[in-house]
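Take a look at the structure below.
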């Protein structure tokens, strides 16, 4: 990956909780990346056993020029460890090293690390600051931005958590160089998502540039990350706590979360489940008479070209429906879905179980 990709900034405008997403290459190696952050005594890097050996030393060396003390907490890897047990292990480690409110946490990893670190930061001593340093495409374009933090429960994904905005998001594109191809493809699901829900022109751009993204072309990845963050920034700025328009960012997620929970966390990657979930949600949009079948086919073809699943596991329709009733978008016992109302536009709608069942049956085996 070319080392001189220009530095980009995307502002997340939330009043006194505003912050920037900085995008570029080799950002972990430069002290200036972390200029302007509040003074603190301790920097604690929270990472996992896969990312840590590759990247934590790079970040640690840079932070040592900023903070008097730098240490690392290494978590087990995987969605199956995004739970209260691992959260408590972070608290144990912070207490053992005497961390206090002069401590800043750095979430170095993918969405699991980012979510659980942000949640820990919100809770430890009733709140310490944290910085997101996402190292997967999925976390750079989605989960690190917007302040949603959580752990999973056996009965539902991300059901225990808080909104807690970071001080900064550092999207270092060079960290994607060692990302396994399956993880890169999973991240593309969240990139693809932004087109049908908010920007038809971006959807067209992804169709044209998908091969470059799969090859990890630096300029294509930089544009994809920046445009994804710009769209998310606009939506989050209007609705920080997901009481309205922010729900559109969950396109495909209601079906996808049911797949993840039903199979067991970690069997499918989050992006894989979301990719298949978008196929089902697009089908439901057609059945509701909101978008034409031709656009749903285009979206399905793009997801398939990216190497994402377009056919879901056969959990049984009733199991899908039961799991989706626990979804956070459910209201008064009624499941609501993010569906497409036109190319580049999405809405939140309730749907009859019969229509949902038809969409599930068509796209499972």
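The values are calculated or read from the model by the stated rules, or taken from the named source; none is laboratory data. Quick caveat: nothing in here was measured; it's all calculated off a predicted structure. For neighbour counting, all protein chains shown are included, and Cβ atoms are generated from backbone atoms with ideal geometry for every residue, glycine included.
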### Message
Can you tell me how many residues within the stretch 214-241 are touching a residue at least 40 places away in the same chain (Cβ under 8 Å) and over 18 Å from the mean Cα position of the chain (by Cα)?
### Response
4
### Query
residue 235 versus (1) under 22 Å from residue 303 (Cβ atoms); (2) not in a helix (DSSP H, G or I): which is the lone unmet condition?
(2)
### Task
Kindly indicate which of 308, 290, 315 is part of a loop (DSSP other than H, G, I, E, B), in contact with a strand residue (DSSP E or B) (Cβ under 6 Å, 6 or more places away or on another chain), in contact (Cβ under 8 Å) with a residue 24 or more places away in the chain and crowded, with 16+ Cβ neighbours inside 10 Å.
290
## Note on the structure
Over the stretch 147-168, the set of residues assigned to a strand (DSSP E or B), touching a helix residue (DSSP H, G or I) at 6+ places or on another chain (Cβ under 6 Å) and either modelled with pLDDT of 95 or more or assigned by TED's automatic domain parsing to the domain that holds residue 321 (or both) is 149, 150, 151, 161, 162
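Is it true that residue 244 is farther than 28 Å from residue 178 by Cβ and either free of Cβ contacts under 8 Å to residues at least 60 places away in the same chain or surrounded by fewer than 19 Cβ atoms within 10 Å (Cβ to Cβ) (or both)?
Details: farther than 28 Å from residue 178 by Cβ: yes; either free of Cβ contacts under 8 Å to residues at least 60 places away in the same chain or surrounded by fewer than 19 Cβ atoms within 10 Å (Cβ to Cβ) (or both): yes.
Spelling it out, residue 244 is indeed farther than 28 Å from residue 178 by Cβ and either free of Cβ contacts under 8 Å to residues at least 60 places away in the same chain or surrounded by fewer than 19 Cβ atoms within 10 Å (Cβ to Cβ) (or both).
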### Query
So which of 95, 105 ends up being assigned by TED's automatic domain parsing to the domain that holds residue 154, modelled with pLDDT of 95 or more and closer than 30 Å to residue 180 by Cβ?
105
### Message
Out of the residues in the stretch 247-275 meeting the condition of being surrounded by fewer than 24 Cβ atoms within 10 Å (Cβ to Cβ) and out of contact with any helix residue (DSSP H, G or I) (no Cβ under 7 Å at 6 or more places or on another chain), tell me which one is farthest from residue 363 (Cα to Cα).
### Response
247
